[in-house]
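The values are calculated or read from the model by the stated rules, or taken from the named source; none is laboratory data. None of these values were measured; they are calculated from a predicted model. Cβ atoms come from the backbone with ideal geometry, glycine included; neighbour counts cover every protein chain shown. The protein model used for the area step is the full one, side chains on, heavy atoms only, and it has no ligands, DNA or RNA in it. Shrake-Rupley method; radii C 1.70, N 1.55, O 1.52, S 1.80 Å.
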Amino acid sequence: MAVLALLAAAFAVTFEQFVQWKYGSVGIAGLLLLTVGIKAKSPTCSSIGAVVLALTVTGPAL
């Protein structure tokens, strides 16, 4: 069980660093809002995070 938790934490940190590198601090803010909204079961917070991430990813296409 400890190995699974360690692997999950390593994956989360790696994914967070990738988002930071690729999309900057706005991407991290969107990911944070989405994660907090899901954990707190707040549809408003998770929706705002999802919209921020979507706009960050599709920003160059607009």
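Structure notes:
- As a fraction of the 1.4 Å probe accessible area of the chain, surface on carbon and sulfur atoms comes out at 76 percent.
- From its DSSP helices (H runs of at least four residues, each -39,500 (n - 2.57)), the chain gives a residue-normalised ellipticity at 222 nm of -31000 deg cm²/dmol.
- Checking [x] 32, 14, 10; [y] 23, 17, 7; [z] 32, 13, 4 against semi-axes √(5λ) of the Cα gyration tensor in Å calculated from these atoms, the matching label is [y].
- The residues of the chain have, on average, 76 Å² of accessible surface per residue, using a 1.4 Å probe with all protein chains present.
- Using the Cβ-Cβ distance between Val36 and Ala9 with R0 = 22 Å, the FRET efficiency computed as 1/(1 + (r/R0)^6) comes to roughly 0.80.
- Using θ = phi - 60° and Karplus 6.51 cos²θ - 1.76 cosθ + 1.60, couplings along the range 24-39 (whole Hz; Gly, Pro as x): x, 6, 5, x, 5, 5, x, 5, 5, 4, 5, 5, 5, x, 5, 5
- Taking all Cα pairs closer than 8 Å and separated by 6 or more residues, the relative contact order of the chain comes to 26 percent.
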